[in-house]
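Enquirer: Quick one: this structure, given as structure tokens, is what I'll be asking you about.
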Amino acid sequence: MARKRGHETEARPELTREAVLRFIADNPSRATKRDIAKAFGVKGAERIDLKRLLGELAEEGLIEGTRKRFHQAGALPPVLVLEVRARDEDGGLIAEPPGWDEAERGPRPRLPVRQRRGEGPTVGVGDRFLARVAETEDGERVARVLRLVEKERSVELGVFRPDPNGGGRVEPVERRQSEYRVAAGDEKGAGDGDLVEVEPHGRSRFGLPTARVVEIVGSMKSERAISTIALHAHSIPHVFPPGVLHEAEAAGPVSDEDREDWRDLALITIDPADAKDHDDAVHARPDEDPSNPDGVVVTVAIADVSWYVRPGSKLDAEARLRGNSVYFPDRVVPMLPERISNDLCSLREGVDRPALAVRMIFDVRGDKRTHSFHRITMRSRAKLSYEAAQGAVDGNPTEVAPEILETVLKPLYEAYGKLAAARDRRQPLALDLPERKIRLKPDGSVDKVVVPARLESHRLIEEFMIQANVCAAETLEQKRQALIYRIHDSPSLAKLEALRDFLRTLEIPLASAGTLRPQHFNGILAFVREGEHESLVNEVVLRSQSQAVYTPENIGHFGLNLARYAHFTSPIRRYADLIVHRGLVTALGLGAGGLSREDEENLAQTAEEISRAERRAMAAERDTIDRLIAHHLADKVGAEFEGRITGVTKAGLFVVLPVYGADGFVPISTLGRQFFVYDEAGHALVGDRDGHGYRLGDTVEVKLVEALPLAGAMRFEMLTEPRELPRGSASFHKSRLRRPSRPGGRPKNVSATVRRRR
């Protein structure tokens, strides 16, 4: 064929099968029907021939695609959706196309993910994203991130149960997940009780959906099986790549050059009795300055992680990916390898260690006068637990040397007395919500649930750390150094209005005008203290609060009642603190390991990622506790417990068992013979006949009727009769309830659907 161009005739490629296939292979990024037609000069009626030819090639399996773009069969299109499934030995991400049928298309492609910080979204294991397939100079195919795809993961977790005739079933480990059937040949070697990842690939109108096993995670018979579910369900990195471990092992002691020698200062660590790493040490003494009578000098020294974990290193990339350490009852998933967190950066007793210290001077009222930061070498004098420190000060110094008690502990407590007075004047939000801890047996099962005593030693360390964090934020602001703040916004207007409506049912006023501060909430909490509504009001006030996050833009910290706040005191377990350390090193000219230009340019993205990692860790920790308690109570179905209502929804009630700290669900359809309607303002379910009902915070008796250990779910039957509610709730519903038009009916706004609070 030929086409005329002016007076010349230009030859054009012949439209043959081989030529079209060669064009598609050579031009993966421009292989649409229009591109092919243009390349071969196809016009008019010839388009019918091209359409027929492309159809034949597709039917024969030689090409794939849609009308918009074609590509070779078995090959990857230039733009497609990928899912991050693993990491290589250096910590790099590996992505695969979801739903790839190896039987039809050959081995599943595995592409390294290439992403530059600040260019497009950052992805992690478990994320699905739109990718452009590119080729590097050495011929390697890589995936470049275009945008995240907000869809469910293509793989799901479950426990494999084999069938005698081959194949098997996969029991769900998520509350809303399906059970799957696995055909013979798709087990991939999975055995009975193995925790597996499966890829759903078929559904039918009858029977279970089908799936194939893609990876064996581990055995459910292991001691760490429950937390393993959470790690994989939430895509939390928990195995350090060899390259990261190699960097950590290669790290050595720090020279004293460019550091102040503070080894003579009697700093000590005070931590939980079972702590393996010690990243903060404290010291206090009277201020000798005559202009500050009865003032104190408080020193907080924090492990100098920034010296070891440098920007651009594999250690840094891994720490940023993890965001923070994750704490389960049976293990800790650290942000940094043990060589760093438990050794080189742990402020061990009697061992020289590098640290970043802040020296703060307070007056007799506990108000800070000045502070200064120093890069030091220190040597801890003693390693104390909270209980040992408190016991020594209270007159039982069996675990504390006399000289430590007199010269270190007592000055610390005297300084804390002044700082506590200033804290009381500042009035941070004073919620009283006990924290429960699960103690495990050697086999990983629950032994008991305890509520550790809240000691003055806990408050001492907490207040010293808060003051150090404030100093870090103030210094970086003064030096005009960009940083990541820890912010906590004030409650939203909608939440405040809901809280005001609820408090009105208890005849407790909440100001409706002006700016609310933590002291307003503290007044409410003090009003109900030791009364019947104490736990209820604490719970509702907590729910009215915003969530604390990381951001480079400061709006203050509402809960702590502070104008500026940054996390500085735990760089071993929080990436935000490491960024703040680097900022201080750079701003104050303290040597190597400061904030890189790339770090600074991407603070907003880093803040968003570590905020997301924090929420992910909290969800994983909560799910693990739910599963452990459900497993512990699985053989107690039919037993009766005292509980407390911690959630009220249209679907029913969530009831926590205070002894265990885990909750279960009471469906609204099982509550009784009358109809119950959801009172959102009163946080209650109210009966349509007598106005009696159940409200958030009520103490009730329940019977356990179902426990699903793998899903971490429990279902209860309510034994306590509905109670008379305050006038606000009852009158609200008596004027609005619509009785059913026929026997057995249900008001329109009542739902019996069983839901689970996330």
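Enquirer: Name the helices (runs of 4 or more DSSP H) wholly within the stretch 294-406 that hold at least 3 residues that are touching a Ser or Thr at 6+ places or on another chain (Cβ under 7 Å)? First the steps, then the outcome.
Expert: Working: elements: 305-308, 314-322, 386-393.
Output list reads 386-393.
Enquirer: Still on this structure: How many of the residues in the stretch 307-360 are in contact (Cβ under 8 Å) with a residue 24 or more places away in the chain, open to solvent by less than 40 Å² (accessible area, probe 1.4 Å) and closer than 27 Å to Lys437 by Cα?
Expert: The qualifying residues number 19.
Enquirer: Moving on. In the set Ala630, Ala711, which member is assigned to a helix (DSSP H, G or I), open to solvent by less than 20 Å² (accessible area, probe 1.4 Å) and more than 17 Å from Ser535 (Cα to Cα)?
Expert: Ala630
Enquirer: For residues in the stretch 429-474 being farther than 20 Å from Thr624 by Cβ and of a type in the set (Asp, Glu), which is least open to solvent (accessible area, probe 1.4 Å)?
Expert: Ranking the qualifying residues of the stretch 429-474, first place goes to Glu463.
Enquirer: Still on this model: So if I check each of Ser546, Ser535, which one is under 26 Å from Arg425 (Cβ atoms) and touching a residue at least 12 places away in the same chain (Cβ under 8 Å)? First the steps, then the outcome.
Expert: Numbers: Ser535 fails: under 26 Å from Arg425 (Cβ atoms).
Among Ser546, Ser535, only Ser546 is under 26 Å from Arg425 (Cβ atoms) and touching a residue at least 12 places away in the same chain (Cβ under 8 Å).
Enquirer: Consider Asp304 carefully, then state whether it is closer than 30 Å to Arg597 by Cβ, in contact with a strand residue (DSSP E or B) (Cβ under 9 Å, 6 or more places away or on another chain) and either in contact (Cβ under 8 Å) with a residue 12 or more places away in the chain or open to solvent by less than 30 Å² (accessible area, probe 1.4 Å) (or both).
Expert: Yes; evaluated as a whole, the condition is true for this residue.
Enquirer: Considering every residue within the stretch 536-553, establish whether at least one is under 23 Å from Ile461 (Cα atoms), assigned to a helix (DSSP H, G or I) and at pLDDT 90 or above.
Expert: no
Enquirer: Something else about it: Within the stretch 650-667, how many residues turn out to be open to solvent by 10 Å² or more (accessible area, probe 1.4 Å), at pLDDT 90 or above and β-branched (Val, Ile, Thr)?
Expert: Final tally of qualifying residues: 0.
Enquirer: Continuing with the same structure: Can you find even one residue in the stretch 611-623 that is open to solvent by less than 50 Å² (accessible area, probe 1.4 Å), within 13 Å of Tyr575 (Cα to Cα) and in contact with a Gly (Cβ under 8 Å, 6 or more places away or on another chain)?
Expert: Yes, some residue in the stretch 611-623 is open to solvent by less than 50 Å² (accessible area, probe 1.4 Å), within 13 Å of Tyr575 (Cα to Cα) and in contact with a Gly (Cβ under 8 Å, 6 or more places away or on another chain).
Enquirer: Restricting the search to the stretch 689-706, which residues are open to solvent by less than 20 Å² (accessible area, probe 1.4 Å) and not in a strand (DSSP E or B)?
Expert: The answer is Gly691, Leu696, Gly697.
Enquirer: On the phi > 0 side of the Ramachandran plot, in contact (Cβ under 8 Å) with a residue 40 or more places away in the chain and surrounded by 19 or more Cβ atoms within 10 Å (Cβ to Cβ): does that describe His683?
Expert: yes
Enquirer: Collect the residues in the stretch 390-411 that are within 20 Å of Pro272 (Cβ to Cβ) and exposed (fewer than 13 other Cβ atoms within 10 Å of the Cβ), keeping them in residue-number order.
Expert: Asp394, Asn396, Thr398
Enquirer: Hey, does the stretch 112-121 have a residue that's assigned to a strand (DSSP E or B) and either modelled with pLDDT under 75 or farther than 30 Å from His246 by Cα (or both)?
Expert: no
The values are calculated or read from the model by the stated rules, or taken from the named source; none is laboratory data. Please read these numbers as outputs of a predicted model, since none were measured by experiment. Note that each Cβ is placed from the backbone with ideal geometry, even for glycine, and that neighbours are counted across all protein chains shown. Calculation scope for accessible area: heavy atoms of the full protein, side chains included, ligands and nucleic acids excluded. Shrake-Rupley method; radii C 1.70, N 1.55, O 1.52, S 1.80 Å.
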